[in-house]
Structures are given as structure tokens and as C-alpha cells.
1. Considering amide H positions built from the backbone, and no H for Pro or chain starts, which residues 5 or more places from GLY60, or on another chain, come under 5 Å of its amide H?
2. Summarise the long-distance tail of P(r) for segment 68-160 by giving the % of C-alpha pairs beyond 17 Å.
3. How large is the charge dipole for the chain, taken about the Cα centre, if only the Cβ atoms of Lys, Arg (+1) and Asp, Glu (-1) carry charge, to the nearest 20 debye?
4. As an exercise, use a Förster radius of 22 Å and the Cβ-Cβ distance of ALA152 and SER40 to find the FRET efficiency, rounded to the nearest 0.05.
5. Tell me which DSSP H helices of the chain clear both cut-offs, 15 Å or more of axial length from alpha-carbon atoms and a mean Kyte-Doolittle hydropathy of at least 0.0.
6. Pull up all non-local amide H partners of SER116: gap of 5 or more, or a different chain, and H-to-H distance under 5 Å with H placed in the peptide plane.
7. Gain in length, ARG115 to ALA101, computed as 0.36 nm per residue apart minus the alpha-carbon separation, to one decimal in nm?
8. For a quick check: with amide H placed at 1.01 Å from N, whose amide H comes under 5 Å from ASN45's, ignoring anything fewer than 5 positions away on the same chain?
Amino acid sequence: MSTHFSTDYPLLQAQAKALLEGEDHPLAAMANLSALISQSMESLNWAGFYLMHRGELLLGPFQGKPACVHIALNRGVCGAAASSGLPQLVPDVHAFPGHIACDCASCSELVIPIRSQGRVIAVLDLDSPLPSRFSQEDLDGLSDLVRHMESALDWSLAQYTLE
Ligand code: SME
């Protein structure tokens, strides 16, 4: 059964813009945005970022339990988002081929690719202990936030993300 959670996305977007005001370093922005998202959305057990590094995903700023540090592009929900360039809205992670269980409490997941100059350079990853936690509304709202990150941040400052 899917449960509907209503996040105030106009408010979240306004708060994200305020946090990024005058700050263009991706790591500082990702640290604050992971905190903002985890405070603003109900029933999350992990919210954070992975960055492209040497042809795989490397753990970035997050809120939640310690997570796997390296994710190959052909592994898991994050790898699928990064390699396809498409968001992944997964109602049941246990049914997703290759899902990586960093926290066995996770039941559903939403991953959105982040691009710079046409290339995926990071992903936003949200996990929930509830099945079917994420909706199209969440995908749309968080995609707006990601679009703002893509344009507001200076991705060349995250030098280590360059392959
Ligand atoms: N479950 C993810 C791995 C990252 S953790 O959820 C933080 C995946 O399958 O890609």
C-alpha cells in the first residue's frame, strides 16, 4: 500500500535557494542540502549525495547511517541512475536487481542524477524505511532543487569529481 506524504516543495525550494545564496562550492551546498532535505521530508532514513569519481560513484555529504563508499555504475539504484542519466523511483528496493543494502531498514528509494556540462557528475539519493514512500510529486519537487544546484554551483570547484 502506498502512503502519501506531502512535502512543501515551494518552501523547500525557497530554503534551498537561501542556503545556496552566495555559496557556489558543491560540497558545502550538498552538506547543507542533505541536512535540509532530511529535516523537511518525513520517513527518510538516508538523504545524501554520491559524486562521480574515477568512473564510479564515491560517497559525498549525507545524513543517515554510514553508507557504502564506492558504487560501480552497473550496481544498485544509484549506479542505474548515474549510468542511464534517468531518475530512479523504486517502490520496493528488494525487487530491484543489484540493489545495495547500505541500511537493511531501507524499503524504497529515489535517486536523481545531477549534471554539469551535459555529464552526470553526481546523484541525489533518498532512502525510506517505508515501501512506496516516494511519489511523482517528490520526483518533480526534488528535480527542481537539483536543477537549481546544477546552475547555481561551480562544479569545477569539486575537482576530485573530474574523471
Ligand atoms: N541503496 C543504494 C546504495 C546507496 S545507499 O542507499 C545510501 C543503491 O542501491 O544504489
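Computed from the coordinates by the stated procedures, all read-outs in this text should not be read as laboratory data. Since the model is a prediction, treat every value here as computed from it, not as a measurement. Cβ placement follows ideal geometry from the backbone for every residue including glycine, while neighbour counts extend to all protein chains displayed.
1. PHE49, TYR50, LEU51
2. Numbers: 2108 of 4278 pairs.
That fraction is 49 percent.
3. Values: 8 positive and 18 negative charges, 77 e Å.
Computed about the Cα centre, the dipole is about 380 debye.
4. Values: r = 18 Å, r/R0 = 0.83.
Once the sixth-power term is evaluated, E becomes 0.75.
5. Values: long enough: 9-20 (16 Å, 0.57); 26-40 (20 Å, 0.93); 136-152 (24 Å, -0.67).
Answer set is 9-20, 26-40.
6. So SER116 has HN proximity to ILE121.
7. On the way: separation 14, 0.36 × 14 = 5.04 nm, distance 2.52 nm.
This chain segment gains 2.5 nm when fully extended.
8. ASP127, SER128
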